[in-house]
Structure formats: C-alpha cells, structure tokens
1. Could you give the size of the charge dipole of the stretch 1-127 about its Cα centre, using +1 on the Cβ of each K and R and -1 on the Cβ of each D and E, expressed in debye and rounded to the nearest 20?
2. Compute the long axis of helix 172-181 from its Cα atoms, compare it with the longest principal axis of the Cα atoms of the chain, and write down the angle in degrees, 0 to 90, nearest 10.
3. Work out how much length residue 223 to residue 47 would gain on full extension: take 0.36 nm times their residue separation and subtract the Cα-Cα distance, in nm to one decimal.
4. Going by alpha carbons, how many degrees (0 to 90, nearest 10) lie between the helix axis of 230-282 and the longest principal axis of the chain?
5. If you place +1 on the Cβ of every Lys and Arg, -1 on the Cβ of every Asp and Glu, and leave all else neutral, what size is the dipole of the stretch 243-398 about its Cα centre, to the nearest 20 Debye?
6. Any aspartates and glutamates with Cα under 15 Å of the residue 323 Cα? List them, leaving off those in the same chain fewer than 8 positions away.
7. Take every DSSP beta bridge with both residues inside the chain and express the antiparallel ones as a percent of the total, to the nearest 5.
8. When the helix-only estimate is applied to the chain (DSSP H runs of n ≥ 4, each -39,500 (n - 2.57), divided by the residue count), what is the mean residue ellipticity at 222 nm, nearest 500 deg cm²/dmol?
Amino acid sequence: MKSTESDPRSASSWLSRLLAPQSSLLNLALLFALAAAGLFVWQCWLLAQLFSGWLVAWQQGGLGDSQAQLLTALLPWLALCLIGRPLLQYGREQASQLASLRARSDLRRMLLQRLAALGPARAQLGADAELGSRLLEQVEALDAYISRYRVQRQLVLLVPVLLVSCTAVFSPLAAVLLLLTAPLVPVFMILLGKAAASASQRQFIALARMSGRFSDLLRGSWTLRHLGALPAAEAEVETAAEHYRAGTMRVLRMAFLSGAVLELFASLAIALVALYLGLGLLGILPWAKGEIPVPYLGALFILLVAPEFYAPLRQLGTDYHAKAEAEGAMTELLPLLNQQVWEHPGRESLALSAAPGIHCKQLAIEGRLAPLDLSVQPAERVVVQGASGSGKSSLLEALLGFVPWQGELLVNGQSLLELSRPDWLRHVGYLAQQVPILHGSIADNLRLAAPNASDAELIAVLEQVALWPLIRQLPKGLETELGERGLGLSGGQLSRLALARLLLRDTPVWLLDEPTAHLDADTAELIHSLLERLSRGRTLLLVSHDLHGLDWADRVVTLGQPEHSEEGADA
Ligand SMILES: Nc1ncnc2c1ncn2[C@@H]1O[C@H](COP(=O)(O)OP(=O)(O)OP(=O)(O)O)[C@@H](O)[C@H]1O
C-alpha cells in the first residue's frame with residue numbers, strides 16, 4: 001500500500017515528526033531569507049531612483065547638484081543593502097544548517113537506541129555493515145532536504161508574491177507577464193529533473209552491479225586463471241566500465257541540457273518584460289502609441305527585480321531532487337523506524353556474589369515460545385534443545401530482557417521485569433549463533449569485552465581457550481588484523497576467540513546460542529570440551545541441536561513438546 005502523510009508510519013510523516021523540534025530554527029532561516037528579499041527590493045528601488053534621476057537629468061541637459069545630493073543621500077542606504085543581504089543569507093545558511101545537523105543527530109540517536117533496544121533480534125534487520133551504512137549514508141541524504149528544500153519551498157511562494165506585488169504598483173501588465181511565465185520554470189525543471197534523477201538512479205544500480213561483478217571476478221580470479229578465462233573476464237570488465245562511462249556522460253548531458261533549457265525559459269520571459277518596457281518608453285506600443293505606460297523609474301525597477309523573480313523557482317527545481325532523495329532515504333529507514341521495540345521496564349539494581357538460580361514459571365512468548373516451567377539451580381549447566389522454531393533462541397532473548405513475555409521469570413527469586421536490564425546484563429555472558437567479530441586487531445576484538453584489559457590478561461584468556469600458541473606464532477601476535485567477519489581465523493578459532501571474550505567479562509551467567517553451529521564434528525568437540533572446563537561454577541543455558549560432546553551438562557531440556565521433558569545429558 002502507498003504510504004501517505006496521514007499514516008504515522010510513512011516516510012513523510014516521519015520526516016515531519018523529525019523536523020517538528022527544529023521548526024523555530026527553520027522559521028528563523030525563513031525570516032532571514034525574507035528579510036534578504038526585502039533588502040533586495042529596496043536595493044532595486046534605490047538603484048532605479050539613482051539611475052532614472054541621472055537619465056532624466058542627462059536628457060534635460062546635464063548632471064547637476066541635485067544629482068550629486070541624490071547620490072550622497074542614497075549611498076549609505078545602498079551600502080546597507082549590499083552589506084546586509086550577504087549577512088542575512090549567511091544567517092539563513094547557519095540556521096538551516098544547524099536545524100539539519102540537529103535533526104540528523106536526533107535521527108541517528110533514535111536509530112541507534114532502537115538497534116540497541118532490539119538486542120539479538122537486530123540481526124533480522126540486516127548485516128551490521130549494511131545497518132552501519134544506512135545510519136551513515138541514508139541519514140546524511142536528508143541534509144539537502146532539511147537545510148535547503150524546507151525553507152526554499154516556502155520562499156518559492158513568498159518571494160515571487162512580494163516581487164510581483166511591487167511590480168504591479170508600477171505596471172500591472174508586467175506583473176501579469178511575470179505571473180504567466182512563472183509556472184513554466186518549475187514545471188519544466190521538475191519534469192527534466194525527474195528524468196535526470198531516474199537516469200542517475202539507473203547509473204547507481206549499474207555501478208552497484210558492476211562493483212558486485214568486479215568483486216566476484218577478483219574472488220574467482222584464481223579459478224579463472226586456472227581455466228584460462230582471465231582475458232575474457234578482463235574484456236568483460238572493460239566493456240562494463242565503458243558502458244558505465246557512456247551512461248554517466250548521458251546523465252551529465254541531460255543534466256546540463258535541462259539547466260540550459262531552463263535558463264533559456266527564464267531569459268525569454270525577462271526579455272519579454274524588457275521588450276514591453278522598452279517599446280513603452282519609446283512610445284511605440286501598438287495599443288498605446290505615443291504614450292509611456294511605465295516611466296523610467298518604474299521600468300528600471302521592474303527590470304532590476306525581474307531576474308530575481310525566477311531565482312527561487314529555479315532553485316526549487318534544483319532542490320527538488322533533495323526531496324525525492326530524502327523520502328527515498330526515509331523509506332529505506334522505515335523498517336527500522338517502525339520496528340516495534342519493547343521497553344524493558346525494570347529499574348532495580350542487582351548485586352550477585354555467586355552464580356544465581358533462574359526460574360521460569362509458565363514462561364511464554366506470544367507466537368514464539370509455548371508455556372515453559374524450568375528451574376535452573378545456581379551453577380547448574382543446562383542444555384536446551386528442541387525442533388527448529390520451538391523457541392530456543394527466543395527463550396535466551398527473554399532471559400536477556402529483549403522481548404516481552406507472559407508468566408514469571410525469576411533471578412534468585414526476583415522478577416527479571418523489576419531488574420534494570422543494563423544491571424542484569426553486566427552479569428550475563430551471551431554468545432550468538434554468529435560470532436560478532438569486528439574489523440580490527442585480535443586485541444581490539446578482545447577489548448570490546450574489557451576495554452582496560454592488559455596484554456597479559458588477554459594472553460591469559462587466550463591460553464585458557466588454547467588459542468595463544470597459535471596467535472603467538474603470528475608475526476604481529478595480538479595486533480594481527482582480522483578482516484570483516486573474522487577473516488584470517490578459522491570458524492573454530494573464531495569461536496574460541498568469542499569464548500575468550502566471554503572469559504574476560506567473567507560473568508556468573510552464560511547464555512550460549514548454538515556455539516558450535518557451522519563447525520565440523522572435531523572442532524565442535526574441542527569447543528564443547530573447553531566449555532566443560534570454563535563454564536564450571538556458572539549458571540549455564542546452552543542451546544544446541546546436537547548433544548554430542550555435551551554429556552558433562554547437568555540436564556537437557558527439550559522445548560516444543562506438550563510437556564517439556566527434562567532428562568540427563570547422557571540419557
Ligand atoms: N523477532 C521475532 N519476531 C517475531 N517472531 C520471531 C522473531 N524471532 C523468531 N520468531 C519466531 O519465533 C519462533 C521461534 O523462533 P526461535 O528462533 O526462537 O526458534 P529456535 O528454536 O531458536 O529455532 P532454530 O533452532 O531454527 O534457531 C519461530 O516461529 C520464529 O519464526
């Protein structure tokens with residue numbers, strides 16, 4: 001369904017909501033722009049007075065004292081206009097830039113808060129890199145809309161009305177000419193602008209495809225070399241690049257051509273007004289022969305004012321794409337903005353001196369987890385298994401405080417709903433199915449858990465997960481850079497790195513979501529044996545499909561059955 005302004009979840013209504021707190025700054029920018037337009041009219045009036053005075057005097061036989069007096073009287077006001085206008089324009093820029101900056105910061109803060117509040121469910125919205133780029137680029141795409149278009153769309157009505165009213169005082173016919181030609185400029189500008197925008201959109205898509213193809217070729221270059229297909233692939237890249245170059249030139253031609261056509265329209269319209277005024281001054285207008293309908297003063301004033309009449313319309317046409325771009329960016333952000341985020345209500349602090357007990361009484365999550373009774377004793381290690389979709393990950397999300405639930409969830413007898421989530425999470429170590437490894441060194445990745453940890457502390461935890469012997473041999477040791485998603489280490493090594501990170505935080509509760517998913521049997525067994533040793537003394541809930549190597553667990557709980565069965569791990 002098409003989104004509308006009245007739909008509170010639509011892109012345009014989010015934009016309005018975002019800009020509401022900035023309305024005073026945007027109104028101030030509008031006021032500055034209107035004051036600058038007022039000064040412009042005054043400046044034209046002063047110049048028209050000066051030149052028409054000189055012209056009349058020159059026609060009457062020469063410049064005299066009165067003209068010199070006129071010049072001295074008008075000069076200070078002219079200077080005021082010449083200095084005042086740029087200052088007012090500067091004020092407008094500053095106010096609208098500040099509004100844009102604040103609105104974009106507010107939006108980024110809101111998006112970040114939403115992402116943080118979503119917890120593990122954040123992964124459903126896309127990869128971290130994609131979300132990061134949305135936060136940077138899509139939010140940035142609002143700048144031109146806020147800092148230029150918002151004020152310009154009001155100016156486009158107010159300034160021409162002001163100028164045409166002033167023109168009408170001297171010549172209603174010239175005012176009518178301006179009014180008749182005015183709509184042509186924005187209409188053509190928008191039509192041509194839309195064509196140029198869709199052409200440039202096509203270019204963006206072509207560029208994205210070309211980049212994808214290029215990176216595929218790079219990745220597969222060894223295979224291609226092996227197959228002797230490299231020259232053909234190179235030729236393909238060259239052809240694609242040439243197509244892209246030609247396409248870019250087409251877009252540029254269209255953009256320049258549309259600019260030139262509009263300049264032509266504006267110039268023709270001004271020429272029409274000038275023709276009327278000039279013929280009038282010569283007294284040879286067909287319907288008013290021998291008459292001067294608009295004398296020097298008025299004619300000069302109108303000629304000075306006319307070009308400015310079209311300027312805001314032309315500017316709006318130029319800025320029109322900013323609106324389309326901003327709405328497009330907001331539409332991209334909608335899934336995140338409209339995501340239902342549950343606010344964990346608890347505020348009470350929690351102090352734990354040892355591993356706590358966790359008790360679920362008829363704990364259910366609507367559509368995700370059937371009612372569950374489960375008592376995990378302090379330092380008990382429980383494996384949670386069940387069919388895919390039975391709610392294992394959802395149970396962990398509830399335990400992390402990121403989804404609402406029915407029934408009771410107690411930590412040492414205290415309801416989790418009453419506890420402050422940040423406080424509770426300080427005691428919880430969580431491992432998601434996908435190990436979150438950032439682009440950075442091994443040390444950087446470990447220090448995400450403990451920013452102040454010394455190298456010795458990092459080495460100690462790496463030794464515990466049997467990674468140090470391997471890392472010590474790397475030329476850069478702890479400073480070895482890991483690529484995106486941990487490129488440079490194997491899946492099993494990354495899991496061990498994630499375990500080392502958990503150890504650095506040394507929390508009394510561990511919630512692990514399939515820590516050995518995607519690992520081969522031998523590596524999974526190694527991780528399981530590490531877990532056996534490292535999780536001792538902690539309350540552990542470990543989600544796993546496969547019980548192999550988990551016989552050390554105290555209990556296995558199976559979800560997704562009418563009665564949740566509890567059995568021994570080795571059963
Ligand atoms: N954020 C969410 N919002 C709504 N429903 C969800 C969400 N995440 C999961 N679900 C649904 O909840 C149910 C349980 O999902 P969950 O991921 O907890 O199951 P699981 O047992 O961990 O599955 P798997 O073993 O495949 O990982 C599924 O039907 C799933 O579609």
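1. Details: 11 positive and 5 negative charges, 190 e Å.
My answer is approximately 920 debye.
2. 40
3. Numbers: separation 176, 0.36 × 176 = 63.36 nm, distance 7.51 nm.
Taking 0.36 nm per residue and subtracting the Cα distance, the gain is 55.8 nm.
4. In the chain, helix 230-282 runs at an angle near 30 degrees to the longest axis.
5. Working: 11 positive and 13 negative charges, 95 e Å.
Result for the stretch 243-398 is approximately 460 debye, rounded to the nearest 20.
6. Reachable aspartates and glutamates: 5, 140, 143, 332.
7. Numbers: 19 of 38 bridges.
Here the antiparallel bridges make up roughly 50 percent for the chain.
8. It comes out at -20500 deg cm²/dmol, rounded to the nearest 500.
Readers should treat all values here as calculations from the given coordinates under stated rules, not as data from a laboratory. Keep in mind it's a predicted model, so treat the numbers as computed, not measured. All Cβ positions, glycine included, derive from the backbone under ideal geometry; neighbour counts span all protein chains shown.
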